[in-house]
Amino acid sequence: MDWHFVFSQALTQAIGPTMLIYAIAAIGLNVQFGYTGLLNFGQAAFAAMGAYGLALTVVAAGLPFWWGIAVGLLAAVAMALLLGIPTLRLRADYLAIVTIAAAEIVRRLARSTVWSEHTGGSDGIRGFSEPFFAMSPYSDDANWSFAFVSMENGRLTVDLGIVDFQYSDRDLWIMTVGWALIAVFLVVLGLLVHSPWGRVLKGIREDEEAVRSLGKNVFAYKMQALVIGGLIGATAGFVFALSRANVQPDTFSTDFTFYFYVVLILGGAARLFGPVLGAALFWFLYNLLSQTLNQAIRAELIPAGALSSIQVGPLVFFLLGLGMVLLLIYRPQGILGNRRELMLDVR
Amino acid sequence: MSDSETEREEAVFREAHQAALEALADVAPEPGVAKPDPILSATGVRRAFGGLVAVDVEHLEVQRGTITALIGPNGAGKTTLFNLLTGFDRPSRGTWEFDGRSAKRLRSYQMAQAGMVRTFQLTKALTRMTVLDNMLIAAPDQLGERLWAGLIHGMWRGQEVGNRAKALRLLERFNLADKCHDYAGELSGGQRKLLEMARALMLEPKMVMLDEPMAGVNPALKQSLLEHIKELREEGMTVLFVEHDMDMIHEIADWVVVMAAGQVITEGTPDQISSDPRVIDAYLGAHHDGAAH
């Protein structure tokens, strides 16, 4: 068993590009669900708005990269308004139903053959990410080393002895941008949730009728939360599309949204750092379990008849699901949550 | 404010109350009767749920500066009328004026901004927020509640300090000051009632609508709630409340409106009402045994 490899992989992924997508999308969900109590089950569709907005603008319309970013953000705002206007005046569960349906509509439209000459149907779109990587300060032929940090043909290795981290130059650029975005989002949200504006959101989460009776336009606040969360979701879509250099409709399935919820609940909803910690922990555990099982099979610690390497993936998700159930039983507030707060009777 | 000023103001309030009582003394005890200075005046308010007419009030006026009780048997439409007047429900038809302006098209939050604040039959404390935050959220016109201004601490800090002082004064008055950093969900049922009333006062309303303020409150607290309601009148507010408890109505109400089957069947002072056979009929059924007539 190569424990060095297992832990290096797990830690590398815990702060890597994939984790960033989930962390950013969950930050958006935290605004909507964590602070305002809006059950948005269509966060994957907001990410799809960002990803497809960017890809279609650049590839199908031939416009510059920044136009793509603008289109992606505008598409997310449009979708938030479209979903919010009919449902935000109704009871909370209507938004859940509508968003889950809308997310499926978006995915099926993207993969339908009607517009496949533009969208690529189920194959998706590629060839929009070069302008982004052209902005990267990291070159693929850098060679240097300093103490435990070394760069070899653009590949960064941070060797801490017990574990090491390795990233390609593209990963590094995605991570630089992704972590910078997270920092900006957390600073802005930190200011907002501790302001009177954030207090109204929390009030709405507790009891929107009461907040209405105190003279607040609850609909407007819920819409603001839906739009802000949707914009952050679209940003996660940009990072997702750029880090993979393609968009594919089936990656924006409802599972995607549910993993955002897992990440958010794991870290602690309505906690500023909850989504980031949750995403890091989720990807650490996911990689730790898969690499451990793979290594164990390779080292023949697990008999070949009991578990094959193809079965590792589903088994890991089974174990993570079990972990989630145990978390909800023994620590329903998540890692950062406040148990005293959660144990109050919520009417 | 100096003591003499406070005293003078209190005297003014007491006078205003006395004047309102005197004004009501000349009002005939009939349904829909006009009042000398109504703060609220509703005409032809009707709310039907499918074929069921829950509320059909021809005319109703509430005298400014009085405590008016709205009573009636279960299903009489009291809470529905409450919801209509406060903008929480939309009428099938009808118009009403609040404080001289048409209130028919106002939504619930606009009614609150206009000065009519309600409480709920089942108290709505914001459970996972502190008692102080429950108060602060009710403060009107806080600039920091706008998205852009919320980002800039300096824009709302000053207002917040003022609101906090006001909230603490109110909490003191309602005996909740020592709970101000507890979660509202940790309060007892009675304390939540007090909190809800204190929170409504943060808006400095002209009219307070209390939906069954005494429901599920123990007798000791009942007395203190009664005193608090009387204080509202002394401060110049108008109170309309839904209640079942006749003792309470006798103790604090200046005027009583009786509803049955969606309509106002009679109005009058508490004494006039308790001797009115229509009220007894409405509560016990028209053909109850031992009817007085």
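The values are calculated or read from the model by the stated rules, or taken from the named source; none is laboratory data. Just so we're clear, the structure is a prediction, and the values are computed from it rather than from any experiment. When we count neighbours, we look across all protein chains shown, and the Cβ atoms used for this are built from the backbone with ideal geometry, even at glycine. Note: accessible area is taken over every heavy atom of the protein model, side chains too, but ligands, DNA and RNA are not part of it. Shrake-Rupley method; radii C 1.70, N 1.55, O 1.52, S 1.80 Å.
Summary of values
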item: Which listed residue, of A:Gly215, A:Gly203, is touching a helix residue (DSSP H, G or I) at 6+ places or on another chain (Cβ under 6 Å), outside any helix (DSSP H, G or I) and within 7 Å of chain B (Cβ to nearest Cβ); result: A:Gly215
item: Condition check for B:Gly190: open to solvent by 10 Å² or more (accessible area, probe 1.4 Å), away from chain A (no Cβ under 11 Å), in a helix (DSSP H, G or I) and modelled with pLDDT of 95 or more; result: no
item: Output for segment B:126-158, where each listed residue is open to solvent by less than 50 Å² (accessible area, probe 1.4 Å) and more than 7 Å from every other protein chain (Cβ to nearest Cβ); result: B:Thr130, B:Val131, B:Leu132, B:Asn134, B:Met135, B:Ala139, B:Leu143, B:Ala149
item: Strands (runs of 3 or more DSSP E) enclosed by segment B:7-124 - at least 2 residues per element that are within 16 Å of A:Ser213 (Cα to Cα); result: B:116-118
item: Inter-residue pairs, beta-carbon under 8 Å, first outside the structural domain of B:Leu136 (by TED's automatic domain parsing) and in segment B:146-158, second open to solvent by less than 80 Å² (accessible area, probe 1.4 Å), 6+ apart; result: none
item: Any chance A:Val71 is among the β-branched types (Val, Ile, Thr), assigned to a helix (DSSP H, G or I) and either at positive phi or open to solvent by 40 Å² or more (accessible area, probe 1.4 Å) (or both); result: yes
item: Any hit, segment A:168-183, residues being in a helix (DSSP H, G or I), under 15 Å from A:Leu272 (Cβ atoms), among the small types (Gly, Ala, Ser) and open to solvent by less than 40 Å² (accessible area, probe 1.4 Å); result: no
item: Per-region count, segment B:159-175, residues touching a Cys at 6+ places or on another chain (Cβ under 8 Å) and either at the interface with another protein chain (Cβ under 8 Å from one of its Cβ atoms) or in a loop (DSSP other than H, G, I, E, B) (or both); result: 0
item: Within segment B:102-122, tally of residues that are over 13 Å from the mean Cα position of the chain (by Cα), over 18 Å from B:Leu136 (Cβ atoms) and either open to solvent by 10 Å² or more (accessible area, probe 1.4 Å) or within 8 Å of chain A (Cβ to nearest Cβ) (or both); result: 9
item: Test result for B:Val27, open to solvent by less than 50 Å² (accessible area, probe 1.4 Å), modelled with pLDDT under 90 and hydrophobic (A, V, I, L, M, F, W, C); result: yes
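Residues checked against (1) surrounded by fewer than 19 Cβ atoms within 10 Å (Cβ to Cβ); (2) free of Cβ contacts under 8 Å to residues at least 12 places away in the same chain; (3) more than 14 Å from chain B (Cβ to nearest Cβ); (4) of a type in the set (A, V, I, L, M, F, W, C):
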| residue | (1), (2), (3), (4) |
| --- | --- |
| A:Pro249 | no, no, yes, no |
| A:Phe260 | no, no, yes, yes |
| A:Phe273 | yes, no, yes, yes |
| A:Trp283 | no, no, yes, yes |
| A:Leu289 | no, no, yes, yes |
| A:Val316 | no, no, yes, yes |
| A:Leu342 | yes, yes, no, yes |
